[in-house]
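**Q** Below: one structure in structure tokens.
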Amino acid sequence: MALLKDVAGILQRNRMLGVLDDARMQELVALGRVSRFSENQTVFSKGDPGDCLYAIMKGQIAVSTSSEDGKTMLLNILNPGDVLGEIALIDGKDRTAGATALRPAELFRIDRPEFISFLERHPSLCIRMMGVLCERLRWVSENIEDAVFHDVPRRLARRILLLGDTYGQKTPTGLRINQPVSQEALAAMLGVTREMVNKSLRALRNSGAITYNKGFIVVTNLYMLKDMAGESGDVP
């Protein structure tokens, strides 16, 4: 199990909390505790009270939302160093999405009263947090535009590019996405059927934009994939 003395090193990798100096980081670490979750265990559900913030120490967390008729959309997959639950933590309202451990996980938890008090003592982190939340809002806005204005092949190409930015590793054959993503997961991310994703993936493979290597997506033609995603600019 992760020790609290190891937590600071992992939190330093986070874009929001990594701006803290050593003294403030140790102060923050002293406020929390580590919680363990088994595979497929619910961390929190949509509608739960926003009573704490989590930082991932170990494992992987899926963030998703669902409708009243049972439809589910996968919003994001988070890894060690990522933070979740910060939106509801700030306003104290209910969770806007649910979180589930995809594999055994260890999460560092800070309860809302302690974190709000920490923010009041260190307003510079508030500025950083506002920037991160603005980025999140832009990301949500782009996803809404994708769903309304773009067809499934373009949305899939954009999602693969996003996965490449997060998990991509350059190899002799192309940009390998070192995160196994099933067609079911891609369908849940896009809010479409698996059959639609299967058809679009087949078209991307036939065009030479991507291939598969031992179950992992490899972007073999980044320029073509960006063109299919409707993105412009030079490709390194």
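The values are calculated or read from the model by the stated rules, or taken from the named source; none is laboratory data. In this text, all values refer to a predicted model and were calculated from it rather than measured experimentally. So basically every Cβ, Gly included, is an ideal-geometry build from the backbone, and we count neighbours across all protein chains shown. Heavy atoms of the whole protein, side chains included, go into the accessibility calculation; ligands, DNA and RNA do not. Shrake-Rupley method; radii C 1.70, N 1.55, O 1.52, S 1.80 Å.
**Q** Using a 1.4 Å probe on the protein heavy atoms, what percent of the accessible area of the chain belongs to carbon and sulfur?
**A** 52
**Q** Can I ask one more? So if each residue of separation counts as 0.36 nm, and I subtract the Cα-Cα distance between LEU137 and ASP51, what length gain in nm does that give?
**A** 28.9 nm
**Q** What FRET efficiency comes out for the pair ASN213/ALA23, r = Cβ-Cβ distance, R0 = 45 Å, nearest 0.05?
**A** Once the sixth-power term is evaluated, E becomes 0.50.
**Q** Taking the alpha-carbon distance from LYS170 and a cut-off under 18 Å, which aspartates and glutamates remain once sequence neighbours fewer than 8 residues away in the same chain are dropped?
**A** Those aspartates and glutamates meeting the cut-off are ASP234.
**Q** Let me ask something else about it. Work out the FRET efficiency for TYR223 and SER182 from their Cβ-Cβ distance, taking R0 = 30 Å, and round it to the nearest 0.05.
**A** After rounding, the FRET efficiency stands at 0.70.
**Q** Scan around PHE44 for amide H atoms under 5 Å from its own, H built in the peptide plane at 1.01 Å from N, and keep only partners 5 or more places away or cross-chain.
**A** Counting only residues 5 or more places away or on other chains, the set is ALA99.
**Q** Using 0.36 nm per residue of separation minus the Cα-Cα distance, give me the extension gain between ARG128 and HIS150 in nm, one decimal.
**A** 4.7 nm
**Q** Now for a different question. For the chain, what does the accessible surface come to per residue with a 1.4 Å probe? Please give it in Å².
**A** Ligands and nucleic acids excluded, the figure is 54 Å² per residue.
**Q** Near LYS71, which lysines are there with a Cα under 29 Å away, not counting those fewer than 8 places off in the same chain?
**A** Once the sequence-local lysines are set aside, what remains near LYS71 is LYS46, LYS58, LYS93, LYS199.
**Q** Using the scaling law 2.2 N^0.38 Å as the reference, what is the normalised Cα Rg of the chain?
**A** Relative to the 2.2 N^0.38 Å estimate, the chain comes out at 1.08.
**Q** Considering amide H positions built from the backbone, and no H for Pro or chain starts, which residues 5 or more places from LEU102, or on another chain, come under 5 Å of its amide H?
**A** Here the answer is ASN40, GLN60, ILE61, ALA62, since their amide H atoms fall under 5 Å of that of LEU102.
**Q** May I pose another question? What does the extension gain come out to for SER35 and ALA203, with contour length at 0.36 nm per residue minus their alpha carbon separation?
**A** Contour length minus the Cα-Cα distance gives 56.2 nm.
**Q** Placing one identical point scatterer on every Cα of segment 69-151 and ignoring solvent, what is log10 I(q)/I(0) from the Debye formula at q = 0.15, 0.19 Å⁻¹?
**A** -0.74, -1.10
**Q** Note down the net charge around ASN221, summing +1 for each Lys or Arg and -1 for each Asp or Glu among other residues with Cβ under 13 Å from its Cβ.
**A** +1
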